[in-house]
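Working notes for the structure below.
The values are calculated or read from the model by the stated rules, or taken from the named source; none is laboratory data. Since the structure is predicted, the reported quantities are computational estimates derived from the model, not experimental observations. Here the Cβ is made from the backbone with ideal geometry for all residues, glycine too, and neighbour counts use every protein chain on show.
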């Protein structure tokens, strides 16, 4: 009989870390960050110390302290004076999708633990690792820490490419059965607000265990979720681990609703359309890409989104805009050499306009991955958008609002296409955003479709599948599952 241990995701939204213990096999379902626990102790300026390995995270309840240590990375164990064991404890991690509340703590796992996920999930995690500088960035590779190696002048720190170790990712196909020791599992694509989301059914010790990950029915891939429900019903689940983010809600807004309402607003707008949607919600990107086509505009995305589109296109993943079909916004960085408005003093020459400065100085302002976007035909700067505002839908995140100072929007609108604030920190941030929008005379329109099924849909799914035992997860109100 399988033993289910929940280390995260119980009576909270996100932070899923669920261990399935079979007679001869241990599997983890997701290994995500608990936002609630993180906010209790840490902030933008108060962060866990990476010099302490994983101890700060364990001490403050962000990492399980009562899981066997062999799951954690060997360099962190060695740093604490613990001899890294040969056995890895876990036989595999089934990763439902790339949202950080399901995946971010992979950073702390041993590199030899097999991680099973979709191709899309792997590429999103790669994009995060390649383009971000967060504390939890070792997602598809592991950068060895606390290691010294011999150099020409004695020992030196191991850094750069020499410190990189590949993680053991296994890309899996939908509906195909895979075997680990004496158990099997099957992955089912489901609709969610990020590409590549999977639900799972695990077969072992004579039992069938279902796991939803995160899902919905009202997106562009709702039929996939319905297919999962149908197949899970046929399987006859003994245990069903079911998400319930919106178990207490009934409203439904679809991606088609978002696209329709946004089109109506854009058609009435003469100036710049500024929109904010989740960075890796490519279905939402498709919605605004379609709106742009319908209204004779171009969708403008930042370099991180462009990088992800490029990875998807190179991997042959269909259903999303091609890299060449969007416009890539490159912001000024470093000394601000990009563009034509600034001047730089060269010894014995004098002040030189930025457009006349050598490219090597421009490239020095950017990370290596960003440099490929400089000078492309579909690249735009703030000045380009400022001069042709009626041509664009400009995707602008909260941390990019300062770009509006250079763009100087006129006769524009702001479409907010993400969840409403639901805690004090988000309300404070939203008030700050509203101050920016008021300054630039941008009226706000809220248009959003959730990434999660509502309570009615969840209960209908459970009734349809008919599991012998139901375990609510990813919810703050598990009692509502049984009413």
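Comparison of 266, 286, 273, 291 shows that the only residue that is outside the structural domain of residue 470 (by TED's automatic domain parsing), touching a helix residue (DSSP H, G or I) at 6+ places or on another chain (Cβ under 6 Å), surrounded by fewer than 23 Cβ atoms within 10 Å (Cβ to Cβ) and in contact (Cβ under 8 Å) with a residue 12 or more places away in the chain is 266.
Can you tell me which residue among 20, 27, 105, 63 is assigned by TED's automatic domain parsing to the domain that holds residue 128, within 20 Å of the chain's Cα centre (by Cα), at pLDDT 95 or above and on the phi < 0 side of the Ramachandran plot? Among 20, 27, 105, 63, only 105 is assigned by TED's automatic domain parsing to the domain that holds residue 128, within 20 Å of the chain's Cα centre (by Cα), at pLDDT 95 or above and on the phi < 0 side of the Ramachandran plot. Counted as qualifying within segment 341-442 are the strands (runs of 3 or more DSSP E) with 3 or more residues that are in the same structural domain as residue 265 (by TED's automatic domain parsing) and touching a residue at least 40 places away in the same chain (Cβ under 8 Å), namely 392-395, 413-416. Is it the case that residue 171 is within 26 Å of residue 6 (Cα to Cα), surrounded by fewer than 18 Cβ atoms within 10 Å (Cβ to Cβ), under 20 Å from the mean Cα position of the chain (by Cα) and assigned by TED's automatic domain parsing to the domain that holds residue 470? Here the answer is yes, as residue 171 does meet what is asked. Among the conditions (1) crowded, with 18+ Cβ neighbours inside 10 Å; (2) farther than 27 Å from residue 33 by Cβ, residue 151 misses just one, which is (1).
As a summary of the residue check, residue 242 satisfies the conditions (1) over 30 Å from residue 471 (Cβ atoms); (2) touching a strand residue (DSSP E or B) at 6+ places or on another chain (Cβ under 9 Å); (3) not in a loop (DSSP other than H, G, I, E, B) except for the one numbered (1).
If you go through segment 299-329 and keep only what is within 15 Å of residue 392 (Cβ to Cβ) and either outside the structural domain of residue 378 (by TED's automatic domain parsing) or surrounded by 18 or more Cβ atoms within 10 Å (Cβ to Cβ) (or both), you end up with 299, 300, 301, 302, 305, 306, 321, 326, 327, 328, 329. Taking segment 431-449 as the range and being closer than 30 Å to residue 225 by Cβ, touching a strand residue (DSSP E or B) at 6+ places or on another chain (Cβ under 7 Å) and crowded, with 19+ Cβ neighbours inside 10 Å as the test, only 447 passes.
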